[in-house]
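A.B. asks: Below is the structure I would like to discuss, written out as structure tokens.
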Amino acid sequence: MTPKSLEDFEAVLLGGYPRSDFFIKTEMLTDNVYVNFNAEVQPSQEVERWFTFSSSLIAPGTQSDPYWGQMYKSIYYANSVLDNLKGMSIKPEQKALFEQVQGEAYALRAYSYFYLINFYADVYSPANLGLPGVPMPLTAEDVNVNAGNNVRTPIGDVWNQIVKDIELATGLLTGKKVTDRYRFSYNTLQLFRARVDLMMGNYESAITYAGSVISNYPLADLSGIEKRITENGFKSALAYNFGFVDTQLNKELMFFVGGRANMNPYYYSTGSVKPTEQLLSLSTRYGNVSDYRQLVFDHFEDNATQVIKMGKTVYKMYASQDLYCYYVGFKASEAYLIRAEAQARLNKSDLALNDINSILKSRMRKDFVKTLKVSDFADNTAVLDRVLEERRLELAFDAGFRFMDLRRLGKPKIEHVFKDARVYTLEKNDPRYLMQIPPSESENSTGMPLNPR
């Protein structure tokens, strides 16, 4: 079937939204996870490649990288729609739908390039703008030629295109009421722009766009969990069929991505890869069971045999593995964290702490709410460190943030303990902080540089 009508191209666009994992395994490249070898399910070879910082994250002899492939598939769908909409004649009553589809296509393309540039190229900085980025086709007119003769567009050009596409998408989606949280909307794009501005060091702009989101998305009142705690106890307040995303937090969730069955590799009962104790410690820094986020990471198990099997922590963000699981792509608390970090980087400690206090008020139980003051910290650097700790806890396992954050925060040294207590190290500024260009790309594009190893 050949798409012809505007409705046809809307369907094509919807088929381009990512519906498989394209970031969750990057958590295994970070300090957010460890492997419990007493678990019922032992690590797979795929887990071993990621957790031990293998030079290549795809299986030996494999040509294609599913992360790379998913993002370029989405780009192809977006480009196909944009190409065909250019010459389309529409009726006046179709104008709103036309602009919505076109706007979503620009947003989807920007979103895909955002992940590609943050995984497969070096970080955004003035010194890196001319370094190899990723191939950046902006049309689907001849995909066969593009597939065989690609070059890596410079990092600065890719980031500039991301900003341009977000701006075009924002203009087209302004005033459009998109209630489906699996599609881009005006508010989601405001948060996306704030995210991009933060990573590009455009702090004033990040504050502005984050503020737009904050004005429309107040943080949730999570005190409704108290009823579940009273009825089920801490251990079962979040259970097999009820995850943290099913609480009032759901009101903050703006965009879901990457859905299919059995998608949570950090599942809380049998999985071997689990959150580190550091995340649990961050959720108990002001006292045991003072922060609702402790329910996500603490199994509250007192059976010694079960503790050994489950490991030090659990991960109860999502519910039953028998159901479809859609990852959090954008949520309102990110806007508060973006604004807090940007304020701290502009030496506005009081404003940064105001946003952190808003998060603490929402996440902490009523009798334990902590209010931070500038006088609690030695200097602005200490305030920034506190903001980044809150970001790590609040956004753990969301949207691939930890891997991207470690990259932009100096690529620190990370050690993982694997089989036979062997230690695997990702050194400071290690070239493996850049995922490798897959053979399916490099072998069909003569002269394309690989990332160093």
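The values are calculated or read from the model by the stated rules, or taken from the named source; none is laboratory data. Since we're looking at a predicted model, the values are computed, not measured. Cβ placement follows ideal geometry from the backbone for every residue including glycine, while neighbour counts extend to all protein chains displayed. In case anyone asks, the SASA skips ligands and DNA or RNA and just uses the protein heavy atoms, side chains included. Shrake-Rupley method; radii C 1.70, N 1.55, O 1.52, S 1.80 Å.
A.B. asks: Along its three principal axes, how long is the chain when you only count alpha carbons? Whole Å, largest extent first please.
C.D. replies: 63, 51, 46
A.B. asks: If you take the Cα Rg of the range 330-399 and divide it by 2.2 N^0.38 Å, with N the number of residues, what do you get? Could you put the intermediate results ahead of the total?
C.D. replies: Numbers: Rg = 11.6 Å, N = 70, 2.2 N^0.38 = 11.1 Å.
Against the compact-globule rule of thumb, the ratio is 1.05.
A.B. asks: With point charges of +1 on the Cβ of Lys and Arg and -1 on the Cβ of Asp and Glu, referenced to the Cα centre of the chain, which listed residue (360, 113, 244) lies farthest in the positive direction of the dipole?
C.D. replies: Comparing the listed Cα positions along the dipole, 360 ranks first.
A.B. asks: To continue, here is another question. How would 314, 307 line up by accessible area, probe 1.4 Å, largest first? Walk me through the numbers on the way to the answer.
C.D. replies: Values: 314 0, 307 50 Å².
Final ranking, largest accessible area leading: 307, 314.
A.B. asks: Let me ask something additional. Tell me, what is the FRET efficiency for residue 381 and residue 125 to the nearest 0.05, using R0 = 25 angstrom and their Cβ-Cβ distance as r?
C.D. replies: On the way: r = 20 Å, r/R0 = 0.79.
Computed FRET efficiency for residue 381 and residue 125 comes out at 0.80.
A.B. asks: Taking a probe of 1.4 angstrom, what is the accessible area of residue 285 in Å², to the nearest 10?
C.D. replies: Looks like 90 Å² after rounding.
A.B. asks: Can you give the relative contact order of the range 388-453 as a percent, counting alpha carbon pairs under 8 Å and 6+ residues apart?
C.D. replies: Working: 50 pairs, mean separation 13.2, N = 66.
Relative contact order, the range 388-453: 20 percent.
A.B. asks: If you average the alpha carbon positions of the range 206-228 and of the range 397-440, how far apart do those two centres end up, in angstrom?
C.D. replies: So the separation of the two Cα centres works out to 31 Å.
A.B. asks: In the chain, what percent of the accessible surface is made up of carbon and sulfur (1.4 Å probe, ligands and nucleic acids excluded)? Display every interim value, and only then the final one.
C.D. replies: Details: 9480 of 18940 Å².
The computed percentage sits at 50.
A.B. asks: Here's a follow-up. Once you mark the GluC sites (Glu not before Pro) that are in a DSSP loop and have at most 16 other Cβ atoms within 10 Å, what is the longest gap between them in the chain? Show your work: numbers first, answer last.
C.D. replies: Values: sites that count: 40, 141, 301, 427, 443.
That gives 142-300 as the longest site-free run.
A.B. asks: Going by amide H atoms built from the backbone, whose H comes under 5 Å of the H on residue 34, apart from near neighbours?
C.D. replies: 274, 276
A.B. asks: Trypsin sites (Lys or Arg not before Pro), restricted to the range 137-186: which are DSSP loop and have at most 12 other Cβ atoms within 10 Å? All intermediate terms of the calculation are to be shown ahead of the outcome.
C.D. replies: Working: sites: 152, 164, 176, 177, 181, 183; in loops: 152, 176, 177, 181, 183.
Passing both the DSSP loop test and the Cβ count: 177.
A.B. asks: Quick one: if the Förster radius is 25 Å, what FRET efficiency do residue 302 and residue 388 give, using the C-beta to C-beta distance and rounding to 0.05? Could the numbers behind the result be given before it?
C.D. replies: Values: r = 33 Å, r/R0 = 1.34.
E(calc), rounded to 0.05, equals 0.15.
A.B. asks: Here's something else I'd like to know. With a/c under 1.5 counting as rounded, go ahead and sort the range 131-195 into rounded, prolate or oblate using the C-alpha gyration tensor (a ≥ b ≥ c being the square roots of the eigenvalues; past the cut-off, prolate if a/b is larger than b/c, else oblate).
C.D. replies: Numbers: a/c = 3.02, a/b = 1.82, b/c = 1.66.
Since a/c reaches 1.5 and a/b is larger than b/c, the shape of the range 131-195 is classed as prolate.
A.B. asks: Under the Karplus relation 6.51 cos²θ - 1.76 cosθ + 1.60, θ = phi - 60°, what is the ordered set of whole-Hz ³J(HN,Hα) values for the range 273-282, x standing for Gly and Pro?
C.D. replies: Working through the residues one at a time gives 9, 10, x, 6, 5, 4, 5, 4, 5, 5 Hz.
A.B. asks: Given a 1.4 Å probe, how much area per residue of the range 177-219 is accessible, in Å²? Spell out each step's value before the answer.
C.D. replies: Working: 1740 Å² over 43 residues.
Per residue, the range 177-219 has 40 Å² of solvent-accessible surface.
A.B. asks: Once the principal axes of the Cα atoms of the range 81-194 are found, what is the range along each, listed largest first in whole angstroms?
C.D. replies: 47, 34, 21
A.B. asks: Where the convex hull is taken over the Cα atoms of the range 1-138, what is its projected area averaged over directions, in nm²? Before the final figure, lay out each step's value.
C.D. replies: Details: hull surface 50.5 nm².
Computing the convex hull of the Cα atoms and averaging its projections yields 12.6 nm².
A.B. asks: Ratio of Rg to Rh for the range 218-367, alpha carbon only, Kirkwood?
C.D. replies: On the way: Rg = 16.1 Å, Rh = 16.5 Å.
With Rh from the inverse mean 1/r over Cα pairs, Rg/Rh is 0.98.
A.B. asks: Moving on. Expressed as a whole number of Å, what is the distance separating the alpha-carbon centroids of the range 330-375 and the range 268-322?
C.D. replies: 24
A.B. asks: Right, next: Calculated FRET efficiency, residue 46 and residue 419, Cβ-Cβ r, R0 22 Å, to nearest 0.05?
C.D. replies: On the way: r = 15 Å, r/R0 = 0.67.
Efficiency, from the Cβ-Cβ distance: 0.90.
A.B. asks: Where the convex hull is taken over the Cα atoms of the range 113-261, what is its projected area averaged over directions, in nm²?
C.D. replies: Values: hull surface 50.8 nm².
Projected over every direction and averaged, the Cα hull of the range 113-261 covers 12.7 nm².
A.B. asks: What accessible area per residue comes out for the range 329-453, rounded to a whole number of Å², with a 1.4 Å probe?
C.D. replies: Working: 5330 Å² over 125 residues.
I get 43 Å² per residue for this part.
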